Amino acid sequence: EKLIHLLQGSLKRRDWNGNKAAQFAIALVARTATLEEESFFLSLYDLENFRDNEKVSLAEIANLKGYSQLAKEIISSIESFETIDVASLYTLAALYSNLGLSDEGLKKIEAVRKPNEEVDADDYAWLLLAASSHHTAEVEDFLNKHEGENPEVLKDIFDVAFRNEDLPFLLFMAEELMKESPGFESEKFYAVALLLNHRNEEAFKLFGKLQ
């Protein structure tokens, strides 16, 4: 169902090059996911026929379908983040993070990121990729200097810290969530972070409150 909604959303955006990208996207959604099918897609389409914003949508669909190698091939063919529209920038950063290409993505976002007093799309993309690449001190410094960050991005970075098994950074991100988005869900994240950091008494006290 998520794939269908993603496909519908992509088709509504008028960023498709004729019908080629749309045909590719429909084939990705419709065909049964197998290793043979992934190899088929890798050999069938010339990625240079698609614009960079189309590639982001296609890579997102491929990744959800389970074609991780195809998704990697697609995003790696995007030479620069400069051509990516604001609406797709964080999606592309998340793909680099989730597909294990964080270092490559970080280099590309740092090449185009512009310092700004306001936290904007390229900052969110940079934060996610910097965290994924273990540049946590820089992420912490940025978050300490800014307020009002998007809670969904903070949750994504919390997930990155969990995936990287970086427990001090996990606790830091949980505290950021408590500060920026106080409530039941953030308290759950905080309780988990406390427990994993061996602050058991505080964790169990908070878990008890949440029941």
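The values are calculated or read from the model by the stated rules, or taken from the named source; none is laboratory data. Everything quoted here is computed from the prediction, not taken from an experiment. FYI the Cβ positions are ideal-geometry reconstructions off the backbone, even for glycines, and counts take in every protein chain you see. The protein model used for the area step is the full one, side chains on, heavy atoms only, and it has no ligands, DNA or RNA in it. Shrake-Rupley method; radii C 1.70, N 1.55, O 1.52, S 1.80 Å.
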Selection count where residues are open to solvent by less than 30 Å² (accessible area, probe 1.4 Å) and farther than 18 Å from Leu127 by Cβ, scope the range 71-97: 5
Neighbours by Cβ (under 7 Å, 6+ apart or cross-chain): first from the range 98-115, closer than 14 Å to Glu73 by Cα and open to solvent by 30 Å² or more (accessible area, probe 1.4 Å); second of a type in the set (Lys, Arg) and assigned to a helix (DSSP H, G or I): Leu101/Lys72
The range 116-159, residues that are under 25 Å from Lys188 (Cβ atoms) and among the charged types (D, E, K, R): Glu140, Glu147, Glu149, Glu152, Lys155, Asp156, Asp159
Flag if Phe189 is among the aromatic types (Phe, Trp, Tyr), farther than 24 Å from Asp103 by Cβ, without any contact (Cβ under 8 Å) to a residue 60 or more places away in the chain and buried (at least 20 other Cβ atoms within 10 Å of the Cβ): yes
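Can you tell me which residue is modelled with the highest pLDDT among those in the range 116-139 that are aliphatic (A, V, I, L, M) and open to solvent by 20 Å² or more (accessible area, probe 1.4 Å)?
Within the range 116-139, the subset aliphatic (A, V, I, L, M) is 119, 121, 125, 127-131, 137, 139.
Still in the running and open to solvent by 20 Å² or more (accessible area, probe 1.4 Å): 119, 121, 137.
Values: Val119: 86, Ala121: 92, Ala137: 97.
Among those residues, the one meeting the criterion is Ala137.
Pick from Leu128, Leu106, Leu64: which is of a type outside the set (Asp, Glu), within 23 Å of Ala25 (Cβ to Cβ) and not in a loop (DSSP other than H, G, I, E, B)? So that I can check it myself, show each step before the final result.
Working: Leu128 fails: within 23 Å of Ala25 (Cβ to Cβ); Leu106 fails: within 23 Å of Ala25 (Cβ to Cβ).
Going through Leu128, Leu106, Leu64 in turn, just one is of a type outside the set (Asp, Glu), within 23 Å of Ala25 (Cβ to Cβ) and not in a loop (DSSP other than H, G, I, E, B): Leu64.
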Lys72 among the charged types (D, E, K, R) and within 14 Å of the chain's Cα centre (by Cα): yes
Residue in the range 147-165 that is nearest to Ala131 (Cα to Cα), counting only those that are over 14 Å from the mean Cα position of the chain (by Cα) and open to solvent by 40 Å² or more (accessible area, probe 1.4 Å): Asn164
Yes/no for Leu154 being under 13 Å from Glu175 (Cα atoms), assigned to a helix (DSSP H, G or I) and of a type in the set (A, V, I, L, M, F, W, C): yes
